[in-house]
Structures are given as C-alpha cells and as structure tokens.
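Asker: If you scroll down you'll find the structure; I have some questions about it.
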Amino acid sequence: MDPPATQLDFIPCGVLQTLEDGTIRRVNRTFCAWVNASAEMLIGRRFQDLLTIGGKIFHHTHWAPLLRLQGSISEVKLELVHGEEVLPILVNAIRRDDGGTIVHEIAAYVARDRDRYEQELVQARRRLEAAVAELSLLHATAKDRAAFAEQMMGIVSHDLRNPLSAIRLGAEILEKSDVSEPQRRVLARIAGAVDRSTHLIEDLLDFTSARVGNGIAVTLRPIDLHQCIAAALDEFRLSHPTREIVHVPRDDGPSVGDPRRLAQLVGNLVSNANSYGAPSTPITVTSTIGERCSIAVHNLGPQIPSALRETMFEPMTRGGKASGDTRSVGLGLFIVREIARAHRGTASVESLESGTTFRVEWRAP
C-alpha cells in the first residue's frame, strides 16, 4: 500500500530520494505515474535500473562521481523506460548527509517538448548541411563550366583570326585586279564582314581575359588625349560617312592612357550611340583634360529606363532594340567598363529626355 499523499505528490515534477548506490527510499506519485508503477513497487529498486542502457552507463560513469566531487548536478538529460516507450526527462540532484546516511535528493522534469525541439534542430541542421553541400557542388560545377566555356571561347576566337586574315588579304588582292563594279561591291561586303568578325573576335578575347581574372591589358604612357580621340573618330567616320560626329576637346595638359585601348573604348561608345540613338542626329564626343581626364559620348534618342541602366555594363546585355541591321553579343559596354577599370577609372551612364551620355573618367598624372 502506498503511503499517505503529501504536497510533493501533486507537484508537476518527479521527486525521489535514493541512497548513494541509487536505491530508491522515497518517491512521489508524479514519478510513479511516469513509469506506471506504485511507490511500493519502486521503493527498494535502483533508480538507474529505470533508465535506458545509455542512462545506466551515464549513472555509473558520471552521476555518482560528479555528486561526490561537486555535491550537485543540474539539467542532466536522461531517458526513463516507460513500458515500450521512452520518456525523456531533465534531472537535478544534490548529495547530502541524512543522519549519517548519504542520500541523493532528485527532482526530474518531463522534457518531451525540449526533446522534440532538439530533434527538430538536429534535423534542420542536417537539412542545412545537405543544402550547403548541394549548393557547393552546384557552385563548383558552374564554376568549372564557366571556366571551360571561357577557355573554349578564347581558343576558338584566337583560332578564327588566321582564316579571317586570309580572307581579308584575298579580298584586298582581288580588289586591286581588273574586276567589274558589281564584283567590287561584293568584295567590299566581304571586307566589311571580315572587319565586323575581327572586331567581334577581339571583343570575345577581351571578355575572356577579363572574366578569367586577368583583366584587360593596357600600356599606360603619356598621350595627347584630344589627338587620340580625333584619330579614333576619323576612323569611325570612314565606315559611317553619313553619320554626323562632333568632337569637342576641352582644356589642355598632360594625360596618361593606352591610346589603342582608348580608341577601342571610343569606338565602342560611338558604335553604341550610332546603333541605339536617334538616326540622323549628331553624336557628340567630348574629351576633357583636367585633374581627371574624361571621355563623354552623347546621343539623342529615347530615355533608357533606370532598371536597364543598372545592368548596361554587364556582359551579354543590350540597351534595347538597335536601329538598322546592327547585331552584337552585348560585350561593347562591358569592355568599355573594363578598359576604364584598367585605367583605374570608372564608366557611367546618364539618360534624360535631352539624350543619353556615357562617360569614362580616370585620374590624370
């Protein structure tokens, strides 16, 4: 028969007193209900015998030594065998002398919610680790594919130069011979196609070099910026004789840059203005020498939306529908930005109702 009920029998935690070897001397009804046994059935049994195998091992290797060493333990997680189920509990205990007998006073709390939460945390961590591993694999795969694609692009672009040079040379030789006017026009179209293909190959090579981390190579030296820009515009006028191009040089003084790369930069910006600007309107190129050198290319035409302006210097990006039959792979402005960076400068765009201006700035010496 169980002893008369006390206040300890109705509190929401299990209360036990055991001898130093784990033998139960007193136990409240809450704990009895957890293990589905009466107090009479539990008194005289060892507390550790109610635990799982892991709990028994812990009781033997840690519980008793810790209580002897420090006199108490707190928030130890154990598992009671509850029929065919296992009940997780948190245990606090103190060691004291009860009239010459060493006893352990134990308070235990059901930890189902905490146990469920811990399991959810473990599962969430495993899912996160699996997702990170998958993401790392995808990133590595994408990186390898991008590197392979860029290498192949560079190889193919480089190997196309030789046959194009042979075609260009053959067209020039035929043009000098006795050919009819229709044949001369065909040769002119061949030469134009070769020039466009060569320009595309150079863009692809520059793109490959920039993307693999080398950047676009420049050779900086003292230059006459205005003369460099004027020469680049004269060359563009030869291929676009019907388009009005205005050069506005401002101020004089020393400047440093790579004339070949700056000519390429101006060619890309003017070509972009010719393709996307309003036809039959002038393109204005302003070169400025000062504390910071700059090249600005302005054209009239529809205002570019702000969302599009934010990505215009990214590769494979186009600013809208080009006029005429112009086609490109969207590398021109990307190469402009990379040339600006190689000069330790910046590239920007401003588009208003009064027109669009692309500007490149870098510090003068």
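Asker: Of (1) more than 30 Å from residue 261 (Cβ to Cβ); (2) modelled with pLDDT under 75, residue 214 satisfies all except one. Which?
Answerer: (1)
Asker: Still on this model: With the checklist (1) at pLDDT 90 or above; (2) more than 21 Å from residue 101 (Cβ to Cβ); (3) in contact with a helix residue (DSSP H, G or I) (Cβ under 7 Å, 6 or more places away or on another chain); (4) of a type outside the set (Ser, Thr, Tyr) in hand, flag the one item residue 2 doesn't pass.
Answerer: Single failed check for residue 2: (1).
Asker: Moving on to the next point. Taking the options 125, 112, 96, name whichever one is charged (D, E, K, R) and within 20 Å of residue 37 (Cβ to Cβ).
Answerer: 112
Asker: Then there is this: Does region 232-252 include one or more residues that are at pLDDT 80 or above, surrounded by 16 or more Cβ atoms within 10 Å (Cβ to Cβ) and among the charged types (D, E, K, R)?
Answerer: Yes, the conditions are met somewhere in region 232-252.
Asker: Residue check, residue 363 against (1) surrounded by 21 or more Cβ atoms within 10 Å (Cβ to Cβ); (2) modelled with pLDDT under 90; (3) in contact with a Cys (Cβ under 8 Å, 6 or more places away or on another chain), all met but one. Which one?
Answerer: Result: residue 363 passes all but (1).
Asker: Let me ask something else about it. Does residue 287 meet the test of being surrounded by 21 or more Cβ atoms within 10 Å (Cβ to Cβ), of a type outside the set (Lys, Arg) and modelled with pLDDT of 90 or more?
Answerer: Against the criterion (surrounded by 21 or more Cβ atoms within 10 Å (Cβ to Cβ), of a type outside the set (Lys, Arg) and modelled with pLDDT of 90 or more), residue 287 qualifies.
Asker: Next question, about the same structure. Consider residue 33 against the criteria (1) under 24 Å from residue 7 (Cβ atoms); (2) among the aliphatic types (A, V, I, L, M); (3) in contact (Cβ under 8 Å) with a residue 12 or more places away in the chain: it satisfies all of them except one. Which criterion is unmet?
Answerer: Failing condition for residue 33: (3).
Asker: Can we say residue 275 is in the same structural domain as residue 148 (by TED's automatic domain parsing), under 18 Å from residue 330 (Cα atoms), small (Gly, Ala, Ser) and within 38 Å of the chain's Cα centre (by Cα)?
Answerer: Criteria not met by residue 275.
Every residue, every condition in (1) surrounded by 15 or more Cβ atoms within 10 Å (Cβ to Cβ); (2) out of contact with any Cys (no Cβ under 9 Å at 6 or more places or on another chain); (3) at pLDDT 90 or above; (4) within 22 Å of residue 118 (Cβ to Cβ), yes or no:
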| position | (1), (2), (3), (4) |
| --- | --- |
| 36 | no, yes, no, no |
| 45 | yes, yes, yes, no |
| 51 | yes, yes, yes, yes |
| 56 | yes, yes, yes, yes |
| 64 | yes, yes, no, no |
| 69 | no, yes, yes, no |
| 73 | yes, yes, yes, yes |
| 83 | no, yes, no, no |
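Asker: Which residue is surrounded by the most Cβ atoms within 10 Å (Cβ to Cβ), if the candidates are limited to region 90-122 and must be at pLDDT below 90 and among the aliphatic types (A, V, I, L, M)?
Answerer: Taking the candidates together, the pick is 111.
The values are calculated or read from the model by the stated rules, or taken from the named source; none is laboratory data. Since the structure is predicted, the reported quantities are computational estimates derived from the model, not experimental observations. A quick note on method: Cβ atoms are made from the backbone with ideal geometry, for glycine too, and the neighbour counts reach across all protein chains shown.
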